[in-house]
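The values are calculated or read from the model by the stated rules, or taken from the named source; none is laboratory data. The structure displayed is predicted, hence computed values, not measured ones. Counting neighbours? That spans all protein chains shown, and the Cβs are built from the backbone with ideal geometry, glycine included.
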Amino acid sequence: MQAFKGSPCAASGATRPGARRVPSAAGQKTGLFSRYIVLIMTEFAVGGPGLPQQRRLVTEIPGPVSRELMARRSQAVARGVSSTMPVFATAAGGGVIVDADGNSLIDFGSGIAVVSVGNAAPRVVARAAEQAARFTHTCFMVTPYEGYVAVCEELARRTPGDHEKRSALFNSGAEAVENAVKIARYATGRQAVVAFDHAYHGRTNLTMALTAKNMPYKQGFGPFAGEIYRVPMAYPLRWPGGPDACRSDALRVVTELIHTQAGEENVAAVIIEPVQGEGGFIVPPPGFLPGLAEFCARHGIVLIADEIQSGFCRTGDWFACDHEGVVPDMVTTAKGIAGGLPLAAVTGRAEIMDAVHPGGLGGTYGGNPVACAAALGAIETMASEDLAGRARRIGEIMLPRLRKLAEKHPEIADVRGRGAMVAVELTVPGTLEPSPDVAARVARACHRAGLVVLTCGTFYNVLRFLPPLVIGEDLLEEGLSILEDAFSTL
Ligand SMILES: Cc1ncc(COP(=O)(O)O)c(C=O)c1O
């Protein structure tokens, strides 16, 4: 990971790695009071909503302590595991992340759509701590425990549709997707799986095959799993003929391709992200998802909604499928489900899920008791604090400001998203030619100013915004102002 160009930190006297004392260069600049604040934030800070909800920069980004840690990291951590920002977190909560130098950054990333309830959310921390003190693992496949069952009951209650459901719990989103495909194949006796352009489903062998983008996810990692068929995504901005043509043609094109290239009777599952995540926060036009669900039902194909990024209140409802009343046969979830602890799930129609023989599903850690306790705390938080409503409110604040920004900056070709899953796509003005360099420059300027933003998109040209749903409106507005400033310096 490179330091930001021009960062004066390279010349500043760095502290011993991990020593977390006040960096001398910053100390000279900021005075005694700020030194004291830095000490408080780095030495004594606990995370959660009690952290001061403010942006505060006491060093350049990255500061000297983070730079030292980056140097250690490069000697110990594999190069293939990259980080968006070269700063090391020490505490986080509400809408901020505090780094090892005492900088407090505004969080528009939520650890990639994970800490929707906020970092170190009180109910998550309390339940996980209590569970950890009781027992940390027995393996659900050896001696089960109630937390696993309770999470599956919550999933049955919250996921779309009021049919009878069953769930199985796993550790990561990719593992959930792998298992959803296994179950769909088993239940249908068919092998083909249909995935979409711009899809992202994970980094294991099967999920790499389902994921569309080559670099960085697939390059050099083949051969990939077979019997995957790819069809175009209903992507209004980039559909040939534009958004109107997308609305009228996409479903027909997709279903015709499934018919001609796979044959409906061979297809076990169609897997789709109802709002695509890594591919660029692509929202299909109204009617596309209901039409796809109807097509799948007609042909006995299992529709898998991958709600790993879009689920658990992120888009302003419990699940993105809810917006159009789509009831998939299976839903994969992870990320937001457990407030930051690793947990994932496949939830599906009872007859599909129960088709698999006893012992056919599982894994040593799947549905770990501490992660389940955290999930129950996260779900309780979402329900009692109406975080779906908070997501809608975040969208109501962000989208109009981003549209105004687009009026001033013709590089912004599209402003899109739902609830608190919002993005801008950048192109050469007046064309669809992607501008990844502009996205990278804006993101770097935001990072330097203390705003955590992420990029995404098949062409690396999308800036995406995923604030924790508990972020204060002041911080949200301040983050948007930083973004506007970053555009004005282009
Ligand atoms: C839609 C979707 N599916 C699957 C995954 C893979 O999840 P994980 O990284 O937990 O394996 C992701 C992760 O970004 C995702 O966004």
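Does Ala345 count as assigned by TED's automatic domain parsing to the domain that holds Val326, touching a residue at least 12 places away in the same chain (Cβ under 8 Å) and in contact with a Pro (Cβ under 7 Å, 6 or more places away or on another chain)?
Working: assigned by TED's automatic domain parsing to the domain that holds Val326: yes; touching a residue at least 12 places away in the same chain (Cβ under 8 Å): yes; in contact with a Pro (Cβ under 7 Å, 6 or more places away or on another chain): no.
Spelling it out, it is not the case that Ala345 is assigned by TED's automatic domain parsing to the domain that holds Val326, touching a residue at least 12 places away in the same chain (Cβ under 8 Å) and in contact with a Pro (Cβ under 7 Å, 6 or more places away or on another chain).
Looking at the stretch 96-173, what helices (runs of 4 or more DSSP H) fall wholly within it and have at least 3 residues that are closer than 30 Å to Gly325 by Cβ and of a type in the set (A, V, I, L, M)? Show your work before the answer.
On the way: elements: 110-113, 122-134, 146-158.
Where helices (runs of 4 or more DSSP H) fall fully within the stretch 96-173 and carry at least 3 residues being closer than 30 Å to Gly325 by Cβ and of a type in the set (A, V, I, L, M), they are 146-158.
If you check every pair at least six apart or on different chains, which have Cβ atoms under 7 Å apart with a residue in the stretch 164-192 that is within 22 Å of Val267 (Cβ to Cβ) and away from the ligand (no atom under 16 Å from the Cβ) first and a residue that is charged (D, E, K, R) and assigned to a helix (DSSP H, G or I) second?
Correct list of pairs: Gln191/Arg185.
Among the residues that make up the stretch 237-247, is at least one of them away from the ligand (no atom under 16 Å from the Cβ), surrounded by fewer than 13 Cβ atoms within 10 Å (Cβ to Cβ), not in a loop (DSSP other than H, G, I, E, B) and not hydroxyl-bearing (Ser, Thr, Tyr)?
At the first step, the residues of the stretch 237-247 found to be away from the ligand (no atom under 16 Å from the Cβ) are 237-247.
Restricting the remaining residues to those that are surrounded by fewer than 13 Cβ atoms within 10 Å (Cβ to Cβ) gives 240-242, 244.
Next, only the ones that are not in a loop (DSSP other than H, G, I, E, B) stay: 244.
Then drop every residue that is not not hydroxyl-bearing (Ser, Thr, Tyr), which leaves 244.
Looking through the stretch 237-247, at least one residue is away from the ligand (no atom under 16 Å from the Cβ), surrounded by fewer than 13 Cβ atoms within 10 Å (Cβ to Cβ), not in a loop (DSSP other than H, G, I, E, B) and not hydroxyl-bearing (Ser, Thr, Tyr).
Would a scan of the stretch 77-90 turn up a residue that is closer than 23 Å to Ile271 by Cβ, within 16 Å of the ligand (Cβ to nearest atom) and either under 19 Å from the mean Cα position of the chain (by Cα) or at pLDDT 95 or above (or both)? Show your work before the answer.
Filtering the stretch 77-90 down to residues closer than 23 Å to Ile271 by Cβ leaves none.
The answer is no; no qualifying residue exists.
I need the helices (runs of 4 or more DSSP H) fully contained in the stretch 348-458, keeping only those with at least 2 residues that are surrounded by 23 or more Cβ atoms within 10 Å (Cβ to Cβ).
Details: elements: 350-353, 369-384, 387-408, 436-448.
Output list reads 369-384, 387-408, 436-448.
Quick check: is even one residue across the stretch 193-212 in a loop (DSSP other than H, G, I, E, B), touching a His at 6+ places or on another chain (Cβ under 8 Å), modelled with pLDDT of 95 or more and within 16 Å of the ligand (Cβ to nearest atom)?
Filtering the stretch 193-212 down to residues in a loop (DSSP other than H, G, I, E, B) leaves 197-204, 211-212.
Filter once more, keeping what is touching a His at 6+ places or on another chain (Cβ under 8 Å): 211-212.
Narrowing the set further to residues that are modelled with pLDDT of 95 or more leaves 211-212.
Subsequent filtering for residues that are within 16 Å of the ligand (Cβ to nearest atom) retains 211-212.
Within the stretch 193-212 (the criterion being in a loop (DSSP other than H, G, I, E, B), touching a His at 6+ places or on another chain (Cβ under 8 Å), modelled with pLDDT of 95 or more and within 16 Å of the ligand (Cβ to nearest atom)), the answer is yes, since at least one residue qualifies.
How do the pairs read when you match residues in the stretch 55-72 that are in the same structural domain as Asp107 (by TED's automatic domain parsing) and part of a helix (DSSP H, G or I) with residues anywhere that are surrounded by fewer than 19 Cβ atoms within 10 Å (Cβ to Cβ) and modelled with pLDDT of 95 or more, using Cβ under 9 Å and keeping only pairs 6 or more apart or on different chains?
Taking only residues 6 or more apart or on different chains, the pairs are Met70/Ser83.
Regarding the stretch 271-293, can at least one residue be identified that is surrounded by 24 or more Cβ atoms within 10 Å (Cβ to Cβ), at pLDDT 95 or above, among the aliphatic types (A, V, I, L, M) and in a strand (DSSP E or B)?
Scanning the stretch 271-293 turns up at least one residue that is surrounded by 24 or more Cβ atoms within 10 Å (Cβ to Cβ), at pLDDT 95 or above, among the aliphatic types (A, V, I, L, M) and in a strand (DSSP E or B).
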